[in-house]
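The values are calculated or read from the model by the stated rules, or taken from the named source; none is laboratory data. Source: prediction; values computed, not measured. Positions of Cβ are backbone-derived with ideal geometry, glycine not excepted, and every protein chain shown enters the neighbour counts.
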Amino acid sequence: MTVDRLPSTAAGLTPASLDPAALEAWSAERGEPDWLRAERRTRAERYAATPWPTGSEEEWRRTSLAGLPRDASLDDSILTEVSGLDDESASRGVVFAPLAEAVVSHPDLVRASLGDVTPGPATHAAFWELARAAWTAGTFLSVPPGVTLDLVLRARTVQQRADAAAFPVTLVVAGEGASVTLLEEFSSPDGGAGWFGGTVDVRVDRGARVRYGSLQLLGDGAWRVSAQRVVVGADAQVTTLNAEIGSRITKLALDVQMAGAGGTSRLLGVLAAGDDQKIDINSLQDLQASHTTSDLLYLSALYDRAHAAFYGVTRVRPQAKQTSSYQECRNLLLSTGAGAEPIPVLEIETNDILRCGHGATAGAIDPTQMFYAQTRGLTPDEAERMIVRGFFERAVADIGSEPIRARVLSALAARIGQEAA
């Protein structure tokens, strides 16, 4: 197991006052290499020059940034822990380490990934640049071509302070024909209002297979404004699962680029929210190459006054022939105060497709399901919990990894009130 803990030198730096020169000086105090100091400064300058969302963008109409804690200081106590890599895999060239450690041990690999000039999802460009400038934790995973890992790698990032700002960066690179499974967990304490701005960048070469799970267990005052980008190469297969349980506000952008012919992606999500939680998901399934397949399934169970919004775009480019894609967003409203806004969008720029569609629902549990569950001797509460768990099982099982399934269902149990088997 490898742990990355950073020195307490981030005090005074905030997202609202991220002076490039001060950031570069802070980087120098940490003993970071010249190239990383320059990279941080460049990203900070780009962050300062990149407009924030105004709220008029379709993706941002349902989430206001008015209460975002922009003056929270960078978290100087955040901890990233990785585990699961065996000696044999390491000897075959697999690199799995906290990002700050990988900068030292494998600088060329990290520099090639971290220095990518593409600003991530378009409407999250400013926040993508911010994370690349001010990260104080993160995960780095590189799997060489042809290497298959049958085990599940795990990374856990923990904020010690509820009122801090944290921007962990995850970089996953799978070489041609490689195969790997990674589960990440993100948590912070309850209490103060903090800003969690993590980004995830997954790049999958020809014929590789990646399964990525993200379990979000942030504190009840946290603002999660995060972005994920997945680039799928030719004949590659990628499955992602996002389990959103914690936070006060979650704004998550998913950008999936089907860049290589024959690539396949499966985007899965489970959202369990209560109290006054707000969860807003944007997705872009960008089919850029022919014979690609991209399907999305997001499920939410909403209690109390929780609200979930989903705005998803499937874009089929003119050159992308014989593609197949589908968006499905289902919402269970488990109280009269809960609400959901599923908005699927199709942008088809070619007349040669195999399949492109969507389905979206929002409503209470079917009374017939409740009736039959209670005829088996269950109380109304027990019946509801069983139905909600079965509802989530559909997405969680599709990740194709029993350890990830078990961990996510266990975490969901606290929200739906039932221990996972």
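Observations, loosely collected:
- The number of residues in segment 93-122 being touching a strand residue (DSSP E or B) at 6+ places or on another chain (Cβ under 9 Å) and assigned to a loop (DSSP other than H, G, I, E, B) comes to 7.
- Within the span defined as segment 112-126, every residue fails to be in contact with an Asp or Glu (Cβ under 9 Å, 6 or more places away or on another chain), more than 22 Å from Asn282 (Cα to Cα) and β-branched (Val, Ile, Thr).
- Here Pro144, Pro107 are screened, and the one residue that is in contact (Cβ under 8 Å) with a residue 40 or more places away in the chain, surrounded by fewer than 24 Cβ atoms within 10 Å (Cβ to Cβ) and closer than 29 Å to His291 by Cα is Pro144.
- Hey, Glu29 assigned by TED's automatic domain parsing to the domain that holds Thr136 and in contact with a strand residue (DSSP E or B) (Cβ under 8 Å, 6 or more places away or on another chain) or not: no
- Long-range neighbours under 9 Å by Cβ, at least six apart or interchain, first residue over 21 Å from Leu74 (Cα atoms) within segment 150-162, second surrounded by 19 or more Cβ atoms within 10 Å (Cβ to Cβ) and among the basic types (Lys, Arg): Val152/Arg211; Arg154/Arg407
- As a summary of the residue check, Tyr326 satisfies the conditions (1) touching a helix residue (DSSP H, G or I) at 6+ places or on another chain (Cβ under 9 Å); (2) under 26 Å from Ala253 (Cβ atoms); (3) aromatic (Phe, Trp, Tyr) except for the one numbered (1).
- When the residues of segment 303-357 are filtered to those that are touching a Cys at 6+ places or on another chain (Cβ under 6 Å) and within 22 Å of Arg389 (Cα to Cα), the one that is surrounded by the most Cβ atoms within 10 Å (Cβ to Cβ) is Phe310.
- Failed condition for Gly390, given (1) of a type outside the set (Ser, Thr, Tyr); (2) closer than 30 Å to Ala289 by Cβ; (3) loosely packed, with under 13 Cβ neighbours inside 10 Å; (4) out of contact with any strand residue (DSSP E or B) (no Cβ under 7 Å at 6 or more places or on another chain): (2)
- Contacts under 6 angstrom Cβ, first residue in segment 187-212 being farther than 30 Å from Asp76 by Cβ, partner acidic (Asp, Glu) and in a loop (DSSP other than H, G, I, E, B), 6 or more apart: Asp205/Glu176; Arg206/Glu176; Arg206/Asp235; Gly207/Glu176; Gly207/Asp235
Residue-by-condition table, conditions (1) farther than 20 Å from Gly260 by Cα; (2) under 25 Å from the mean Cα position of the chain (by Cα):
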| site | (1), (2) |
| --- | --- |
| Ser294 | no, yes |
| Ala309 | yes, yes |
| Pro318 | no, no |
| Ser324 | no, yes |
| Arg330 | yes, yes |
| Leu346 | yes, yes |
| Thr350 | no, no |
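- The lone exception for Gln228 - which of (1) surrounded by fewer than 24 Cβ atoms within 10 Å (Cβ to Cβ); (2) outside any loop (DSSP other than H, G, I, E, B) it fails: (1)
- The test for being exposed (fewer than 13 other Cβ atoms within 10 Å of the Cβ), more than 30 Å from Glu57 (Cα to Cα) and either of a type in the set (A, V, I, L, M, F, W, C) or at pLDDT 95 or above (or both) does not hold for Leu378.
- Residue match in segment 347-358 (condition: at pLDDT below 95, charged (D, E, K, R) and farther than 23 Å from Ala243 by Cβ): no
- Condition met for Leu109 (modelled with pLDDT of 95 or more and in contact with a Gly (Cβ under 6 Å, 6 or more places away or on another chain)): no
- Of the strands (runs of 3 or more DSSP E) lying entirely inside segment 180-220, those containing at least 1 residues that are at pLDDT 95 or above and within 17 Å of Arg248 (Cα to Cα) span 194-196, 209-217.
- Test: residue in segment 277-290 that is in a loop (DSSP other than H, G, I, E, B) and in contact (Cβ under 8 Å) with a residue 60 or more places away in the chain: no
- Residue check, Glu59 in a helix (DSSP H, G or I), within 22 Å of the chain's Cα centre (by Cα) and assigned by TED's automatic domain parsing to the domain that holds Ala137: yes
- Residue count, segment 133-149 (criterion: in a strand (DSSP E or B) and either farther than 18 Å from Ala236 by Cβ or hydroxyl-bearing (Ser, Thr, Tyr) (or both)): 5
- Val82 vs. criteria at pLDDT 95 or above and either among the basic types (Lys, Arg) or assigned to a helix (DSSP H, G or I) (or both): no
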